[in-house]
Amino acid sequence: MDLEKKEPLSETDLDTSNNASQVFLEKKQDTVPEGGWGWVCVLGRFYTHFLLLGSVSAFGIIYIELIDYFHANRTEAAWVGSLAGGLSMFVGPLSGMMTERLGCRLTTMVGAIIASLALFSSWFANGILYLCITYGVIAGTGLGLMFIPSAVIIFQYFEKKRGFASAIGSTGGGIGAMVLPLVYTELIAAFGWRGTMWIISGLTLNAVVCGAVFRPPDYLKKRKVTREVEDVNKNITRTRALQDFFCVFKDIRFSFFALGTLFCYFGYGVPIVHMPDLALQSGVKKEKVAYLLSIMGIVGVVLRIPVAWVSDFPWVSRTLILGVALLLCGVGTVLCPFLTSFPAFAMYSAVQGGCMGIWGAFLGVIVADLVGLKYTNRGIGFLIFAGGVATIISSPLAGWMYDVTENYMASFFFAGVVYIASGVCTLVVFFIDYRNNRKASHKNNCT
């Protein structure tokens, strides 16, 4: 049987075939991985959030020890934690620039080393001022440097599964809020607060490994050719961005929401830092105080996912849910100084943790709903920066109120009122949306 002879491919056919193969390979390499090594990066993000948000939540345990050891007043001791929390937000722009220039891997590793060395040197503290510099400013800066690259690396590896992957990584903060207060309590009982600083320093140094696994996906390595053109375009757009940075405030809804978020940040640090001390003064045993902070973290994690799922339905308003939650949190905070038993404080901790879990889940989403995806980064950037200012001020202010009045009535009344004000501002956004929707519906019915 004769086989049909095939003519050899011409040079044109070979070129066409090679070009097609090259295009196919480029498209394959340019595709977002949607997993693979990205899941290892998710674990790295989980641990960095575990350290950052867990340390902020657990500071109330160390706060009590610092007051007793240095015979400091509440105002002085509160500055240590407030500086750490505030600086972790303030360095957001710096962390973003370092991530852009150095990459996610190196930025995270640098932040982990800085924070670890600062916590290690806190062992040698001879006063509150020393701790404000090491634990507050330097460690807070190091922890803050890790926050943005741990989020960016997830965006680089995921597109369709981006929300799911980010949610898994961010739950590390809630787990840290559950676990670290109990860990701090046991470590302080066994090694004192100085020894605890060394152990926390070692835990933080492990984040260097997280940075090491944050390697960029392959498709990003091919963009060196277009990098110069992108840099030129960035120089042009940066000037424009500075000019219209505040354009998000042209929307009255965002203005009210930003004001409400600022109020919420003012209230947020007061219960986390001062409630353990208040509970001790109200008769709660010292070994049970850490459980109150853990309850906050547990309820915040458990409630966040189902509420976020319900909020995706078109007939559900996120601003209504958040506004009501903030009002409830404000009322509970005002009543907190009148509590006298562990079950009562545990109930308040559940309310506080649940409401703050809802707030954390909705913050970025509501900003995107109000200003659109194009301006979401600007909106969130402003809120985080303003939140850093509020975080630094709120806890020492509450401590000062205690030092003046010798009780926590004024401190928690202040925190409760700003929570309520935050809820009112958020509900104003809801009613503006509700009115606009009614007008649009009425107009459509008329036509």
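The values are calculated or read from the model by the stated rules, or taken from the named source; none is laboratory data. The structure presented is a predicted model; accordingly, all values stated were derived computationally and were not measured. Here the Cβ positions follow ideal geometry from the backbone for every residue, glycine too, while neighbour counts run over all protein chains shown. For the accessible areas, the whole protein counts, side chains as well, though only heavy atoms, and no ligand, DNA or RNA atoms are used. Shrake-Rupley method; radii C 1.70, N 1.55, O 1.52, S 1.80 Å.
Check the stretch 255-264 and report whether any residue there is surrounded by fewer than 19 Cβ atoms within 10 Å (Cβ to Cβ), over 22 Å from residue 393 (Cα atoms) and at pLDDT below 95. Within the stretch 255-264, none of the residues are surrounded by fewer than 19 Cβ atoms within 10 Å (Cβ to Cβ), over 22 Å from residue 393 (Cα atoms) and at pLDDT below 95.
Within the stretch 352-396, being under 19 Å from residue 417 (Cα atoms) and surrounded by fewer than 19 Cβ atoms within 10 Å (Cβ to Cβ) holds for 386, 389, 393. Picking from residues in the stretch 386-405 that are without any contact (Cβ under 8 Å) to a residue 60 or more places away in the chain and either outside any helix (DSSP H, G or I) or β-branched (Val, Ile, Thr) (or both), the one that is nearest to residue 141 (Cα to Cα) is 404.
Within the stretch 324-338, the presence of at least one residue that is modelled with pLDDT of 90 or more, of a type outside the set (A, V, I, L, M) and either open to solvent by 50 Å² or more (accessible area, probe 1.4 Å) or within 23 Å of residue 189 (Cα to Cα) (or both) is confirmed. When the stretch 54-89 is filtered for residues that are more than 20 Å from residue 398 (Cβ to Cβ) and under 20 Å from the mean Cα position of the chain (by Cα), only 54 remains.
Checked against (1) at pLDDT below 90; (2) within 20 Å of the chain's Cα centre (by Cα), residue 319 meets all criteria but (1). Filtering 174, 136 for residues that are open to solvent by less than 40 Å² (accessible area, probe 1.4 Å) and modelled with pLDDT under 90 leaves a single hit, 174. Scanning the stretch 413-430 for residues that are under 22 Å from the mean Cα position of the chain (by Cα), open to solvent by less than 10 Å² (accessible area, probe 1.4 Å) and not small (Gly, Ala, Ser) turns up 419, 426.
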